[in-house]
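Taking it in order: structure first as structure tokens, then the write-up.
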Amino acid sequence: MPKLSVTIITRDEAADIGAALQSVACADELIVVDSGSTDETTTIARQHTPRVIVREWPGYAAQKNYAASIASHDWILSIDADERVTPELAHEIQTLMTTDPPHAGYRVPRVTWHLGRWIRTTDWYPDHQLRLYDRRAAEWTGKYVHESVSVHGSAGTLGGELQHYAYRDIADHLETIDRYTTYAARQLHEDGRRAGLLEIAGHAPLAFLRNYLVHRGIRDGVPGFIISALNAYYVHLKFAKLWELQNVERRTGTQNVERRT
């Protein structure tokens, strides 16, 4: 019967880390890898597990791969500090661990709490995340943002939900959008993507329609409209920042040519 290690990477997560670790208390091992918190994150974490390691920040994927590498067991459940494993999901995983799991990894549906309700519409749901995996056949990949587990083999899907407390309020949501679109634009730019008027003006309206109508954000009333609009704004800002990066690159290149001549 395989045993389970839970890994969480943190920085300044004192408000959330206790509840996150409590939600996975049934695991065989809990590991927290912290990147230099200035609050009580590590103190709170040590109340739940002795395995709290402080390590410099190398990036999301690298930190999560490190956490998995120091685990005592091959089966890893990776969650973030602002996530909670529901009792239903915990029971499902415990049951799975009583057998030899047939897949190398498992996706779980993630539901986000925002604007006073659980959002089960828009692009946010079911938002399947591959979080349970055999480290011998899987690893985290990704450069700046939206890191994910790449599985060398088949992947299954579980039914229990992973709860996500992503944002305190709209202001926090906007700050996150600003930060993540910077990372996303940089990653697109380094991958060779470019943006023009069509991408900047066209993708955002389509994203709003997909969120609000196709993925039924309309059913969540005003919160559904706000989230659909902010998801569309994310898309707009990502391509606008990509356009800015490529134009900075073009101006720099032109200036270098002028200096040489």
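Couple of notes before you dig in:
- Expressed in units of 2.2 N^0.38 Å, where N is the residue count, the Cα radius of gyration of the stretch 114-158 is 1.45.
- The stretch 130-248 - percent of accessible surface contributed by carbon and sulfur, probe 1.4 Å: 57 percent
- Estimated dipole of the chain in Debye, rounded to 20 [Cβ of Lys and Arg +1, of Asp and Glu -1, Cα centre]: 820 debye
- The phi-based Karplus calculation (6.51 cos²θ - 1.76 cosθ + 1.60; θ = phi - 60°) puts the 3J(HN,Hα) values of the stretch 3-9 at 9, 10, 10, 9, 10, 9, 9 Hz, whole numbers, x for Gly and Pro.
- Each peptide in 165-175, 1-11 was scored by the mean count of other Cβ atoms within 10 Å over its residues; highest first, the order is 1-11, 165-175.
- On Cα atoms only, tilt of 60-69 relative to the major axis of the chain in degrees: 20 degrees
- Helical contribution to [θ] at 222 nm, DSSP H n ≥ 4, -39,500 (n - 2.57), averaged over the chain, rounded to 500: -13500 deg cm²/dmol
- The simple spin-label model puts a point 7 Å past each Cα toward its Cβ; for residue 248 and residue 118 those points are separated by 4.1 nm.
- Taking the empirical scaling 2.2 N^0.38 Å for compact globular proteins as reference, the stretch 163-204 has a Cα radius of gyration ratio of 1.47.
- Rounded to the nearest whole Hz, the Karplus-based 3J(HN,Hα) values (6.51 cos²θ - 1.76 cosθ + 1.60, θ = phi - 60°) of the stretch 113-119 follow the sequence 8, 7, 6, x, 7, 7, 9, with x at glycine and proline.
- Segments 190-198, 34-42 sorted - mean Cβ within 10 Å per residue, highest first: 34-42, 190-198
- Amide hydrogen neighbours beyond the local backbone of residue 29, cut-off 5 Å, H modeled: 4, 6
- Solvent-accessible area per residue for the stretch 78-225 (1.4 angstrom probe, square angstrom): 51 Å²
- Within the chain, all pairs of alpha-carbon atoms sorted by distance into 5 Å bins from zero give the percentages 1, 6, 11, 14, 16, 16, 13, 10, 6, 3, 2, 1, 0, 0, 0.
- Stretching residue 213 away from residue 198 to a fully extended chain increases their span by 3.2 nm, per 0.36 nm per residue minus the current alpha-carbon distance.
- Nitroxide proxy distance, nm - points 7 Å out along Cα→Cβ at residue 53 and residue 157: 3.4 nm
- Sulfur and carbon atoms: percent of accessible area, the stretch 23-76 [1.4 Å]: 48 percent
- Rounded to the nearest 10 degrees, the angle from helix 170-190 to the longest Cα principal axis of the chain is 70 degrees.
- Close amide H contacts of residue 36 (hydrogens built in the peptide plane, cut-off under 5 Å, sequence separation of 5 or more or a different chain): 55.
The values are calculated or read from the model by the stated rules, or taken from the named source; none is laboratory data. The model shown is predicted, which means the values in this text are computed figures rather than measured ones. Quick reminder, even Gly has a Cβ in these numbers, built from the backbone with ideal geometry, and neighbours come from all protein chains shown. Protein only, heavy atoms only, side chains kept; ligands, DNA and RNA dropped before computing areas. Shrake-Rupley method; radii C 1.70, N 1.55, O 1.52, S 1.80 Å.
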